[in-house]
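Notes follow once the structure below has been shown.
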Amino acid sequence: MREKGGEDMEKPICRHRSIDDDWLPLLRRKSEMTLAPHPYCNKCGLVRNIGPDRPRKIGFYVDKLSELERYLKNEDSKGGKSKLTEAQKRLIVKDMAEQEVFNDLYGVLASTQKDKFIEIIRKYRPDIAKREIKYHLE
Ligand SMILES: [Zn+2]
């Protein structure tokens with residue numbers, strides 16, 4: 001049953017606005033006390049990821065899933081792991097689409113997305129090793 005006006009239903013998504021000359025000094029390592037300026041959202045306070053570990057749009061991961069699908073199809077034909085079914089693929093894509101890390105890229109790290117991608121695939125296909133999925137993410 002759906003409840004209208006429920007607290008966790010339809011929470012407003014922040015559109016994230018950074019003020020360019022109002023950057024947050026980010027402490028990198030406690031020992032070095034290095035300050036790296038980062039823009040941050042002046043509405044929700046989320047720090048924007050401007051580092052090398054940049055996130056990708058969901059399409060990137062759907063492409064990677066297709067690569068994995070081809071790999072599994074080949075494995076299946078050799079008598080190895082079974083291929084990815086249409087239902088599994090649909091569920092994985094649906095789960096990804098519902099994850100904030102694939103939709104709100106502002107403060108997300110690519111490594112967080114990769115971990116989530118692996119987690120979702122292994123939810124439906126625990127027989128696929130993490131390293132096999134990682135290999136297809138490179
Ligand atoms: Zn924001």
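Every read-out reported here was derived from the displayed coordinates using simple, explicitly stated rules and does not represent laboratory data. Given the structure is predicted, the values throughout are model-derived calculations rather than measurements. So basically every Cβ, Gly included, is an ideal-geometry build from the backbone, and we count neighbours across all protein chains shown.
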- Which of Lys134, Lys89 has the fewest Cβ neighbours within 10 Å, and the rest in rising order: Lys134, Lys89
- Item | Net charge of Cβ neighbours under 12 Å - reference Leu109; Lys, Arg +1; Asp, Glu -1 | +3
- Over all directions, the range 58-137 yields a Cα convex hull whose mean projected area in nm² is 4.8
- Environment charge of Ser77, counting only residues whose C-beta is closer than 15 Å and scoring Lys/Arg +1, Asp/Glu -1: +2
- Query: What's the exposure ranking of Leu68, Leu105, Leu46, going from fewest to most Cβ atoms within 10 Å?
  - Reply: Leu46, Leu105, Leu68
- Message: Can you sort Arg56, Arg131 from fewest to most other Cβ atoms within 10 Å of each residue's own Cβ?
- Response: Arg131, Arg56
